[in-house]
Amino acid sequence: MDMDDRSKALLKALIERYIADGQPVGSRTLSKMFDLSPATIRNVMADLEELGLIHSPHTSAGRIPTPRGYRLFVDRLLATQRFEILQPSQIREMLPASEPTRAVNAAATLLSNLTHFAGVVLAPKRSQVFRQIEFIRLSDKRVLLIIVTPDGDVQNRILFVQRDYLDQELTEASNFFNAHFAGRSFDEVRGAITEELSSLQEDISRLMQQAVEAGTAADDTDDGVVISGESKLLDITDIASDMDRLRRMFALFEKKTDLLQLLDVSSRAQGVQIYIGGDSRLVPLEDVSVITAPYGIDGKIVGTLGVIGPSRMAYDRVIPIVDITARLLSNALSHHTA
């Protein structure tokens, strides 16, 4: 799109003013910022409107950005701020290297708290490989299955069993399982389990089969999306003033299908990505933007994190927050696996 420097400067000023105030911007306001007459500015604004970059809401004499205008702004006109996110000691406390799951959850919370929007993280796919398991008796017919993955992630599942097991029986079952299957995936164990368990009594064998099914099912059903701060969107007038938009926004969080697709696509991209509703087919809501960045473990991308908020957001501030948080989470997870 060919635009002269004056048009770019006016568009940039209009969008920045609208982001700051939330009110349509008129030619008189812009004339005070530039050494140009209101008539000249009106002509430029008419050209910008013809290009589909701004429009007039209702009968207002002022103009606001369109999704296409926001897109040009973030792609070609934006200069991001330098942002100091946290002190090193705070980072280590919030994103603990020894607890990957807690670090992922904390990253979503950190994004939400710093931007006052919703923070989202597509967590690394949980490993089906286990380092060890343990059976703990909870009651007559309930057993707690504890799964420890090679990277130290701990997953708990409750098994509903057909009879009461003694603590000694559960310990023996744990020891047998770990001795024969540790370091393998639950899918691999499922294939080998019939032959390996033929020497055990039937009800102990059944307990182990339940453990395999629980471990495999957990991996299949966990969507892996962590969301924090959805309620903060209720405080944003641009979103909360439209009940239909608000309902569709929370449906996005609840169903997660569209959100998963967007995060999956952005995990294959390099660096920060900006998706603007009305401009990007991946964001099903107008006036909503999603800013994402991939994170990794030892240089390998394993997930994506980001922020969901109104299109009228301070991109120059939010973009570095997302970028830095992705780097911090990468460092925490890489340190843990080292």
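The values are calculated or read from the model by the stated rules, or taken from the named source; none is laboratory data. Here the structure is a predicted model, which is why all the values come from computation and not from measurement. Note that each Cβ is placed from the backbone with ideal geometry, even for glycine, and that neighbours are counted across all protein chains shown. Surface areas here come from the heavy atoms of the whole protein model, side chains and all, with no ligands, DNA or RNA. Shrake-Rupley method; radii C 1.70, N 1.55, O 1.52, S 1.80 Å.
Listing for the model above:
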| read-out | value |
| --- | --- |
| Relative contact order for the range 31-83, counting Cα pairs under 8 Å that sit 6 or more residues apart, in percent | 20 |
| Relative contact order (percent, whole number), the chain, Cα cutoff 8 Å, 6+ residue spacing | 20 |
| Share of carbon and sulfur in the accessible heavy-atom surface of the chain [1.4 Å probe, %] | 47 |
| Lys pairs, the chain - Cα-Cα below 21 angstrom, 8 or more residues apart or on other chains | 7 |
| Euclidean distance between Cα centres, the range 274-293 to the range 1-69, Å | 22 |
| Computed helical MRE - 222 nm, the chain, DSSP H runs ≥ 4 contributing -39500 (n - 2.57), nearest 500 | -15000 deg cm²/dmol |
| Helix 167-181 axis, angle to the chain major axis (alpha carbon atoms, nearest 10°) | 70 |
| Label of the coordinate-derived value, semi-axes √(5λ) of the Cα gyration tensor in Å, listed as [x] 29, 26, 20; [y] 32, 21, 20; [z] 53, 19, 16 | [z] |
| The range 258-338: relative contact order in percent, alpha carbon pairs under 8 Å with at least 6 residues between | 27 |
| 1.4 Å probe accessible area per residue over the chain, in Å² | 50 |
| Distance in nm between pseudo-label sites at His116 and Ile158 (7 Å out along the Cβ direction from Cα) | 4.0 |
| Inter-site label distance for Asp242 and Phe34 at 7 Å from Cα along Cβ, in nm | 2.8 |
